[in-house]
1. I'd like to check which strands (runs of 3 or more DSSP E) are fully inside the range 76-122 and have at least 2 residues that are surrounded by 18 or more Cβ atoms within 10 Å (Cβ to Cβ).
2. Can you pull out every residue in the range 233-268 that is part of a helix (DSSP H, G or I), surrounded by 14 or more Cβ atoms within 10 Å (Cβ to Cβ) and of a type in the set (D, E, K, R)?
3. Looking at the range 47-56, can you tell me whether even one residue there is hydrophobic (A, V, I, L, M, F, W, C), without any contact (Cβ under 8 Å) to a residue 12 or more places away in the chain, out of contact with any Asp or Glu (no Cβ under 9 Å at 6 or more places or on another chain) and more than 9 Å from ligand 1 (Cβ to nearest atom)?
4. Within 13 Å of ligand 1 (Cβ to nearest atom), modelled with pLDDT of 95 or more and among the β-branched types (Val, Ile, Thr): does that describe Val31?
5. Is there a residue being within 16 Å of ligand 1 (Cβ to nearest atom) and not small (Gly, Ala, Ser) anywhere in the range 69-76?
6. Return the pair list, or none, for Cβ contacts closer than 8 Å from residues in the range 231-254 that are touching a residue at least 12 places away in the same chain (Cβ under 8 Å) to residues that are part of a helix (DSSP H, G or I) and surrounded by 14 or more Cβ atoms within 10 Å (Cβ to Cβ), at least 6 apart or on different chains.
7. Restrict the check to the range 305-312 and report whether at least one residue is among the β-branched types (Val, Ile, Thr), within 16 Å of ligand 2 (Cβ to nearest atom) and buried (at least 24 other Cβ atoms within 10 Å of the Cβ).
8. Can you name the condition, by its number, that Thr147 falls short on among (1) without any contact (Cβ under 8 Å) to a residue 60 or more places away in the chain; (2) hydroxyl-bearing (Ser, Thr, Tyr); (3) within 10 Å of ligand 1 (Cβ to nearest atom)?
Amino acid sequence: MKTKVAIIGSGPSGLLLGQLLHRAGIDNVIVERKNPDYILSRIRAGVLEQGMVDLLREAGVSERMDASGLVHDGFEMAFNGRRERIDLKALTDGKTVMVYGQTEVTRDLMDARTAVGARSFYDAENVQPHDIKTDAPYLTFDCDGETIRLDCDYIAGCDGFHGVSRQSIPEETLKVFERVYPFGWLGLLADTPPVSHELIYANHARGFALCSMRSPTRTRYYLQVGAQENVADWSDERFWDELKLRLPADVAERLVTGPSLEKSIAPLRSFVVEPMQYGRLFLLGDAAHIVPPTGAKGLNLAASDVSTLYRILLKVYGEGRTDLLEKYSEICLRRIWKAERFSWWMTSILHTFPDADAFSKRLQQTELDYYLGSAAGRKTIAENYVGLPYESIE
Ligand code: APR
Ligand code: PHB
């Protein structure tokens, strides 16, 4: 079997790249180890930057998002009894974010791929890239008891943090940058009305808390918990009680609780691998980088990688500009590192660190007080939160 671009992984990165390439007439095949139901059962992030919203529109998959996504002009940060609003729209010359779940983005992309009849293999086992340093790379994988060989021009490694793509690159050519935080996020999804029409990020001595949402009737809340915490120890009642303790009193009073639809704990980590290309294999999204969720950047970085590789491949196939391929990694990494910095910073100012001494605690409160009390500080938070611009591909 032959295609132009072989895509490993059917998460948002692989599906969005596949959809954009397909619309541009660039044939591609997606090979994924799980099944669609499993992928759609994962509850992930929910805030889309303007750049990602525009890219989904360009990919022709924005109908449901435009009809039911919630445009947010601002969000709140709470600390030390104060609630401060970051007016995203006013501080960024009109930019906003869209609250729309990653699960829904993934569903829209899967439906679009089915509708156009592009090829995908689900439940594929032993996916393996070969000859990636040559100009005739290929994948092999097992599907329905058969071993399939997929010849291609390029391989897009969109297979997440635990995928095979990054592992196929010789270790000595990769540089890894990593930070593991001494806590995780316990998330709860419920069919309750949001406590506020905007997101609230709360710094509290008991630990960080976040009020988010998926729709006017579905909420997503998070609590900072210890890295070793077990979700089985968190009854819904315990979750809601702890959340109320960490929120400003007037917000806690308004909180509507209800049975959880899902509850899970995610560890917090920063991770970047350099470079993001080896021969004809390109890494995108979580395969190349992880951010802690505090800045809502994970999914959005996946989208900017997709945009970069897509625009490069358009010029490769349209104008023979193969020189651009080796620029992929540096272009992506410039934006990724800025989002890594912002995510690390938001994490560091909002969470309780178990080993923080009295001096560090005062500095953290002062950091919040200073940034939120300064027009320049608010602007820098806002411009990062709505998303830094995508670089043009010349
Ligand atoms: N072979 C084939 N598919 C694989 C393999 C493999 N060896 N390993 C992993 N996959 C699949 C996974 O099953 C998954 O469906 O690759 C997909 C990767 O999807 P995601 O983990 O969602 O990664 P990505 O598409 O880059 O999405 C961006 O950013 O911060 C996050 O929450 C955000 O998950 C989102 C991510
Ligand atoms: C979410 O709604 O899941 C969410 C929102 C904002 C974040 C992280 C997660 O920073």
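The values are calculated or read from the model by the stated rules, or taken from the named source; none is laboratory data. The model shown is predicted, which means the values in this text are computed figures rather than measured ones. When we count neighbours, we look across all protein chains shown, and the Cβ atoms used for this are built from the backbone with ideal geometry, even at glycine.
1. Because the criterion is at least 2 residues that are surrounded by 18 or more Cβ atoms within 10 Å (Cβ to Cβ), the strands (runs of 3 or more DSSP E) in the range 76-122 that meet it are 97-99, 119-121.
2. Asp236, Glu242, Lys244, Arg246
3. Step one: of the range 47-56, the residues hydrophobic (A, V, I, L, M, F, W, C) are 47-48, 52-53, 55-56.
After this cut, where a residue has to be without any contact (Cβ under 8 Å) to a residue 12 or more places away in the chain as well, the list is none.
Within the range 47-56 (the criterion being hydrophobic (A, V, I, L, M, F, W, C), without any contact (Cβ under 8 Å) to a residue 12 or more places away in the chain, out of contact with any Asp or Glu (no Cβ under 9 Å at 6 or more places or on another chain) and more than 9 Å from ligand 1 (Cβ to nearest atom)), the answer is no, since none of the residues qualifies.
4. It is true that Val31 is within 13 Å of ligand 1 (Cβ to nearest atom), modelled with pLDDT of 95 or more and among the β-branched types (Val, Ile, Thr).
5. no
6. Note: pairs meeting the criteria are Leu243/Ala252; Leu245/Ala252.
7. no
8. (3)
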